[in-house]
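Below: the structure, in structure tokens.
The values are calculated or read from the model by the stated rules, or taken from the named source; none is laboratory data. Note that the structure is predicted; figures quoted are calculated from it, not measured. Cβ coordinates were reconstructed from backbone atoms using ideal geometry, including for glycine residues, and neighbour counts include every protein chain displayed. Side chains are part of the model used for accessible areas, which takes the heavy atoms of the whole protein and leaves out ligands, DNA and RNA. Shrake-Rupley method; radii C 1.70, N 1.55, O 1.52, S 1.80 Å.
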Amino acid sequence: MEAAPHSSVLATRRGKLTLALLCAVAFLDFVDASIVNVALPSIRRDLHFSVQNLQWVLSGYLLTYGGFMLLGGRAADLLGRRRVLVAGTSLFGLASLAGGLAGSEGMLVGARLVQGLGAAMMLPAALSTLTTTFNEGTDRLKALGAWGAMAGLASALGVFLGGVLSEGPGWRWVLFVNLPFCVLVLVGAFRLIKGERRRAPLANFDTLGAILATSGMLLLVYALVKAPAVGWGRARTIGELAGALTLLTAFILNERRHPNPLAPLSIFRVKGLVAADVTQLIAIAGFYAMFFFITMYMQNVLGFSQIEAGAAYVPVTLGVGISAGIASKLFARTGTRPVIVGGSLIAAGAVFYLSRIPVHGSYLPDLLPGLMVMSLGLGAVFVGVQTAANAGVPAHQAGLAASLVSTSQQLGPALGLAIFSALATSRTNDLLAAHASRPEALTSGFQRALTAASIFLVAAAFIGLRATNTRGEAVAPALDAVPDPAVS
């Protein structure tokens, strides 16, 4: 007996376990971008990192994560999602083990680079599996709501876990902690996700497109990461950005001519897709910078220990969870667009409040109110954008769509830190040159960066007005064969 057309996959035990598995992948990948932040002082002391090279513990992960995301997403469409998910998880786990055992800065940075590559395979494979498995309206809203909540929760909880592990068993456990999760994901993938045949012939694989896209994204992320130290106006930075733009332009021209393109440009005809991705890019630039500078403020100005700085974000995780749940229920009534815009504006106001942090501040009056209000906006934005960015995408391009929204999520931190670090450093250096105290100079720099982050969130709200206003409409199976879908 055939299932009803709109039978709920999520209502079954297998459906619930599958969603839990995919959300575990999301959490694992997202948390690794932030869990090492608080551990950086311990890593520097133990492995004798130079100040210049220490940034690569963070940036190395973002570099390959963002650089290979498009290739990883398309590979999931062409080779099979379970196959790519298993390969990426295995690579991620082995890199985590190598990083935890690292005895030199080169080995740790190398492990982080490989971790990013594994994550670039895991995340789009998992997200595209989610959007093709849960394609009925209510199921889709709940599944994407849970996925979006994982992004917000992991960003906040990663800082807390980093502090607890660094001051407890040691910084190496911020990497070792990934191993049991990787084992669970691998076991669950084989038990819960069906294997797929290759979805397209590889004899005419777009090799040139893969090279151009990957090299262009790698160079772009690298330029953004290095810009604050090198200087935005220096010939090196301008040359790297120009080189990245040239490579990505060549990639687009290649895709228009290739009979089997790596990234079919027809996907950009899906209504609101680009707006949702750009909204995420701008918003996460502001959110990530907020976490970074508030953590630096707590440790370098207020004198918080690693575990105290991490514990400061526990209320944020609660706020994100509550907000994500509310947002998922609102979609059916209002659609995604009001939630995205409203969440961005709420977060912008909260980050602006945080930009008023004083030199002699304290947690309860100066940080907690802003962090709690910000968490409500964060949950709404992440859930809303993930839902809007995957609306109306045909199943055979789900991996590509997942890689596009995930790429924006990885470029955002690099873009935000590149811009806001330059603003903060310039302000701090000017005040130090004028003989201001170090706490005063640092705080003023953080204030300027946080003000700019709040402006980015306002901009995200305006861009979000162009995103798809989906209410979780079901994706018809026939869309799998339609090359140029449109979303109402």
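Mind checking which helices (runs of 4 or more DSSP H) fall wholly inside region 275-354 and carry at least 1 residues that are within 22 Å of the chain's Cα centre (by Cα), at pLDDT 90 or above and more than 14 Å from Gly379 (Cα to Cα)? Steps first, please.
Working: elements: 306-311, 314-334, 336-354.
Fully inside region 275-354 and qualifying: 336-354.
Do you know which residues across region 96-110 are touching a Gly at 6+ places or on another chain (Cβ under 6 Å) and open to solvent by less than 10 Å² (accessible area, probe 1.4 Å)?
First, pick out the residues of region 96-110 that are touching a Gly at 6+ places or on another chain (Cβ under 6 Å): 108-109.
Scanning region 96-110 gives a single hit, Leu108.
Being open to solvent by less than 60 Å² (accessible area, probe 1.4 Å) and assigned to a loop (DSSP other than H, G, I, E, B) narrows it down to one residue among Pro369, Pro358; which is it? Walk me through how you get there before you give the answer.
Details: Pro369 fails: assigned to a loop (DSSP other than H, G, I, E, B).
Among Pro369, Pro358, only Pro358 is open to solvent by less than 60 Å² (accessible area, probe 1.4 Å) and assigned to a loop (DSSP other than H, G, I, E, B).
In this structure, is Leu224 assigned to a helix (DSSP H, G or I), closer than 19 Å to Gly416 by Cβ, at pLDDT 80 or above and aliphatic (A, V, I, L, M)? Don't jump to the end; show me each part of the working.
Details: assigned to a helix (DSSP H, G or I): yes; closer than 19 Å to Gly416 by Cβ: yes; at pLDDT 80 or above: yes; aliphatic (A, V, I, L, M): yes.
Yes: the conditions hold for Leu224.
Would you call Leu432 among the hydrophobic types (A, V, I, L, M, F, W, C), over 27 Å from Leu62 (Cα atoms), at pLDDT 85 or above and not in a loop (DSSP other than H, G, I, E, B)?
Considered against the rule, which asks whether it is among the hydrophobic types (A, V, I, L, M, F, W, C), over 27 Å from Leu62 (Cα atoms), at pLDDT 85 or above and not in a loop (DSSP other than H, G, I, E, B), Leu432 comes out as yes.
Let's see how each residue does on (1) of a type in the set (A, V, I, L, M); (2) closer than 30 Å to Trp171 by Cβ; (3) open to solvent by less than 40 Å² (accessible area, probe 1.4 Å):
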site	(1), (2), (3)
Ala285	yes, yes, yes
Gly303	no, yes, no
Gln306	no, yes, yes
Ser328	no, no, yes
Thr336	no, no, yes
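Within region 252-265, which residues are part of a helix (DSSP H, G or I), open to solvent by 20 Å² or more (accessible area, probe 1.4 Å) and within 19 Å of Ala398 (Cα to Cα)?
Selection gives Leu265 alone.
Gly392: outside any helix (DSSP H, G or I) and over 12 Å from Val339 (Cα atoms), yes or no?
Numbers: outside any helix (DSSP H, G or I): yes; over 12 Å from Val339 (Cα atoms): yes.
Yes; evaluated as a whole, the condition is true for this residue.
Name the residues in region 423-436 that are surrounded by fewer than 17 Cβ atoms within 10 Å (Cβ to Cβ) and in contact (Cβ under 8 Å) with a residue 60 or more places away in the chain, would you? Don't jump to the end; show me each part of the working.
Restricting attention to region 423-436, the residues satisfying the condition of being surrounded by fewer than 17 Cβ atoms within 10 Å (Cβ to Cβ) are 425-426, 429-430, 432-436.
Result: Thr425, single match.
What are the residues in region 91-116 that are touching a Leu at 6+ places or on another chain (Cβ under 6 Å) and charged (D, E, K, R), if any?
Glu105
If a residue must be of a type in the set (Lys, Arg) and under 17 Å from Ile252 (Cα atoms), how many such residues does region 67-87 contain? First the steps, then the outcome.
In the first step, residues of region 67-87 are kept if they are of a type in the set (Lys, Arg); the result is 74, 81-83.
Now restrict to residues that are under 17 Å from Ile252 (Cα atoms): 74.
Final tally of qualifying residues: 1.
For Ser90, work out the one condition from (1) part of a helix (DSSP H, G or I); (2) out of contact with any Cys (no Cβ under 8 Å at 6 or more places or on another chain); (3) open to solvent by 10 Å² or more (accessible area, probe 1.4 Å) it doesn't fulfil.
(2)
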